[in-house]
Amino acid sequence: MSTADETATAAASGAAATERFHHDKSPYDAVKDTPKERVDLLARAVLDAIHETIRKHEVTYDEYNALKAWLIQVGADGEWPLFLDVWVEHVVEDVATADRQGSKGSIEGPYYVPDAPERGADADLPMRDGEQGTPLLWEGGITSTDGTPLAGTVELWHADADGYYSQFAPGIPEWNLRGTFTTGPDGKFRIRTIQPAPYQIPTDGACGRLISAAGWHAWRPAHLHVKVSAPGHEQLIAQLYFPGDPHNDDDIASAVKPELILSPVVQDDGSARIDYGFALDRRED
Ligand code: DHB
Ligand code: FE
């Protein structure tokens, strides 16, 4: 079991997620040529929606001050990545992928780390000796939307059987349950890992305070995260879910789609086999 200074806290995972977000590049670079008119339009639309909510629901000064204190706490806890990825990202993902012909995607969430260890096309995801959880054997392939096999990569990351992610919760080896699988020209991969547990977003920080004040729950269904890439094709970011999870229908992050639910087949030895592949859209450029 963990010692007191190894306990996962919202502030520690929030700080790690905030640092990770800033690590690689400035998010401002990609929008540096945005015209003033677009910024004005979006900023005004958001402010108008807030003003309308205040008028419609007759928000009081006490409520306004509580909101101010809460917004300050979200920042102090480093929980903006968590807040945005849980309550906002799914709509951005829907809009961004509306024209996609290939496999469905889902939100990235705050816990991706690039450059996870390279494992080839047929290997175990890095894990501890005796890693807890039902063993999973996952076979699949990467193709273009016309069915042509693609040499590419599947980056896979997921929580452990206690619902914790390496690099964001203490006491877990750096690359535990994170890996990069590279396919040959046949596009095929075979990955061995364990089934993750349902995940509760941290409840002891500002986001947890909103959840309990509003009478919500903090659960996401168990999920595998993937980023799938191949030359000349659009990158696919997705999450895969397990049938029967009680939170598939009420995911706090609204990130479940029917196409993303796996169909594991239980084997004689108690392990589960899954067969799931990805079709990528050709990049238009
Ligand atoms: C969050 C965590 C996840 O594992 C995920 O997939 C999406 C969001 C979060 O805590 O914000
Ligand atoms: Fe996740």
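The values are calculated or read from the model by the stated rules, or taken from the named source; none is laboratory data. Because the structure is predicted, anything quoted here is derived from the model rather than measured. Note that we place each Cβ from the backbone using ideal geometry, even for glycine, and neighbour counts take in every protein chain shown. Side chains are part of the model used for accessible areas, which takes the heavy atoms of the whole protein and leaves out ligands, DNA and RNA. Shrake-Rupley method; radii C 1.70, N 1.55, O 1.52, S 1.80 Å.
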#### Entry: For peptides 253-266, 215-228, sequence by mean Cβ density within 10 Å, most packed first
215-228, 253-266
### Task
List the aspartates and glutamates whose Cα lies under 19 Å from the Cα of Lys68, skipping any in the same chain that are fewer than 8 positions away.
Asp48, Glu52, Glu58, Asp77, Glu79, Asp204
### Query
If packing is taken as the mean number of other Cβ atoms within 10 Å per residue, what is the order of 88-97, 196-205, 62-71, highest first?
196-205, 88-97, 62-71
### Query
Using a probe of 1.4 angstrom, how much of the accessible area of the chain is carbon and sulfur, in percent?
54 percent
### Kirkwood hydrodynamic radius over Cα pairs of the chain, then Stokes diffusion coefficient at 10 °C and 1.306 mPa s, in µm²/s
77 µm²/s
### Query
Heavy-atom accessible area per residue, region 1-138, 1.4 Å probe: how many Å²?
70 Å²
### Full-stretch length increase - Thr203, Lys56 - with 0.36 nm per residue and alpha-carbon distance subtracted
49.9 nm
## Note on the structure
So for R0 = 41 Å, FRET eff. of Trp216-Asp285 from the Cβ-Cβ r, to 0.05, ends up at 0.50
### Summary
So Leu47 and Tyr64, fully extended at 0.36 nm per residue minus their Cα-Cα distance, gain in nm 4.7 nm
### FRET efficiency, Thr148 to Ile261 (Cβ-Cβ, R0 35 Å, nearest 0.05)
0.85
### Query
Put a dot 7 Å past each Cα toward the Cβ at Ile72 and Ala98; how far apart are the dots in nm?
3.9 nm
### Entries in Lys36/Lys56; Lys188/Lys227; Lys104/Lys257; Lys104/Lys227 that, when Cα-Cα distance is taken, lie over 20 Å
Lys36/Lys56
### Task
Would you mind calculating the gained length between Tyr28 and Gln132 on full extension (0.36 nm times residue separation, minus the Cα-Cα distance), in nm to one decimal?
33.4 nm
## Note on the structure
Honestly region 66-120 on the Cα gyration tensor test (a ≥ b ≥ c root eigenvalues; a/c under 1.5 rounded, otherwise a/b vs b/c for prolate or oblate) is just oblate
### region 252-279 and region 148-209: distance between their alpha carbon centers, rounded to Å
14 Å
## Note on the structure
The summed charge of the Gly232 Cβ neighbourhood (under 15 Å; Lys/Arg +1, Asp/Glu -1) stands at -3
